[in-house]
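Computed from the coordinates by the stated procedures, all read-outs in this text should not be read as laboratory data. Treat the numbers as computed from the prediction; the structure is a model and nothing was measured. Note that each Cβ is placed from the backbone with ideal geometry, even for glycine, and that neighbours are counted across all protein chains shown.
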Amino acid sequence: MKIVTIVGARPQFIKASVVSAALKPVCTELIVHTGQHYDRNMSDVFFEELSIPKPAYNLGVGSGSHGHQTGEMLMKIEDVILEEKPDVMLVYGDTNSTLAGALAASKLHIPVAHVEAGLRSYNMRMPEEQNRVLTDHISKWLFCPTQTAVDNLKKEGITAGVSVSGDVMLDSVLHFLKLAQENPSKTAIYGQLGIEPKNYRLATLHRAETTDGGLDAIICIFRAFEQLPQLVVLPIHPRTRPLAEQAIAKCGFRNIKLIDPVGYLEMLLLTSGACQVLTDSGGLQKEAWFMNVPCITLRQETEWVETLVGSWNVLAQLTTEDIYEKAMHTQVDLAAHERMPFGDGKASEKIAAALAKT
Ligand code: UD1
Ligand code: UDP
């Protein structure tokens, strides 16, 4: 059996690392990198550190408007499918690379397997919501991280091919956090940044809804970070970097340590060592939860509703006051963390076993 897997953005490399390892004994997998992310620290570092098989194709699509980026991917993925004639097209999550892969395959009658199916924010203005809804509706296998995702699909009339695999990001945290903790060249990150575990907060910002507000929106967020009693370490996504640099230059913020994006192993160490995470990332909200680190999500809604229980994850409006208030005064309920709705860390094996049966 031959699987073509589409990846393109940072979180997809991380998800593919564990699933590709599980697929290796049961099928032939060709990885296609769309080139959506291309900076070394947004792409190559993950392939190298996480031992992901080298992509058989890099489509070099790069950045662009949604239509241009998705359209170019669609054309180039179609060529790959015609050349490789896969039995299955495997896609992850909700990026433009996900939709392009699913659509190209569906139009050529290649069955689509969607990992992280059924997630919903119920905000159709989000590009990710459009991508995931459309992808789910043309997938044959829908691997859901949680029961909530299964229920979401049912509301849209999708029941065939749906299963709860658990969350592949839990598999990757369980596997790679230990490796990171045992690697002195990675644990050196604390010393390099001059921080001590549990005495700093970790933030990331990259979502369109955050950056669309321009410089003023970033300044509002940074004013809250500036007032927090611990340093805020901020590995900055390239989308947000120009605004973040302008905000710091304009307002002279001193409590924000802006750093380049880091590799996944260092990111796991930064997350596990933080006393709190503040983020608009989907993946990081959950990683914080997996590692018992309280999270403030800088968004109006979250797809990962399980993390909200016991205030382990709390939504904050993008205002200085709300972010500061939630960051300073949220109390977590320790007992609420005992339930594990994201599976048993073996999601990748379940997905590989299900696909191997085809
Ligand atoms: C994309 C996904 C988002 C996901 C995120 C993960 C879509 C619509 N969005 O958002 O769901 O959460 O990836 O990180 O697919 N850039 C660089 N170098 C890079 C990559 C991007 O400079 O290697 C800059 C470019 O200016 C680009 C901008 O970042 O225009 C945005 O990149 P893009 O891939 O379009 O969206 P993300 O914000 O990364
Ligand atoms: N991440 C990383 N380095 C960074 C920032 C994030 O390795 O500098 C990891 C993070 O741990 C998580 C994933 O990237 O596993 C999340 O990706 P991102 O926030 O870009 O996308 P989203 O999850 O929101 O789609």
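Results, tabulated for the structure shown:
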{"read-out": "Stokes-Einstein diffusion coefficient of the stretch 125-245, Kirkwood radius over Cα pairs, 4 °C, 1.567 mPa s, in µm²/s", "value": "71 µm²/s"}
{"read-out": "Among Tyr92, Ala180, Pro127 the positive-end extreme of the charge dipole of the chain (Cβ point charges)", "value": "Ala180"}
{"read-out": "Between 0 and 90°, nearest 10: helix 264-273 axis offset from the chain longest Cα axis", "value": "40 degrees"}
{"read-out": "Two-decimal Rg to Rh for the stretch 203-333 - Kirkwood Rh, Cα set", "value": "0.93"}
{"read-out": "Sparse-neighbour loop sites [chymotrypsin sites (Phe, Trp or Tyr not before Pro); the stretch 114-162; at most 14 other C-beta within 10 Å; DSSP]", "value": "Tyr122"}
{"read-out": "Environment charge at Asp87 (Cβ cut-off 14 Å; Lys +1, Arg +1, Asp -1, Glu -1)", "value": "+2"}
{"read-out": "Angle between the chain longest axis and helix 96-107 axis [Cα atoms, degrees, rounded to 10]", "value": "10 degrees"}
{"read-out": "Helix-only CD estimate at 222 nm, as mean residue ellipticity for the chain, using -39500 (n - 2.57) per DSSP H run (n ≥ 4)", "value": "-13500 deg cm²/dmol"}
{"read-out": "Of Lys54/Lys178; Lys2/Lys107; Lys54/Lys154; Lys186/Lys257; Lys286/Lys350, those spanning more than 26 Å from alpha-carbon to alpha-carbon", "value": "Lys54/Lys154"}
{"read-out": "Convex hull of the stretch 68-157 built on C-alpha atoms - directionally averaged projected area, nm²", "value": "5.5 nm²"}
{"read-out": "Cα-based Rg / Dmax (Å) for the stretch 256-321", "value": "11.8, 33"}
{"read-out": "Histogram of C-alpha separations across the stretch 189-259, 5 Å bin width, %", "value": "3, 17, 30, 25, 15, 8, 2"}
{"read-out": "Ala336-Glu84 pseudo-label distance in nm [points 7 Å out on the Cα-to-Cβ vector]", "value": "4.2 nm"}
{"read-out": "Reduced Cα scattering model of the chain, Debye log10 I(q)/I(0), q = 0.09, 0.14 Å⁻¹", "value": "-0.47, -1.19"}
{"read-out": "Total formal charge among the other residues, if their Cβ is under 14 angstrom from that of Asp44, Lys/Arg +1 and Asp/Glu -1", "value": "-1"}
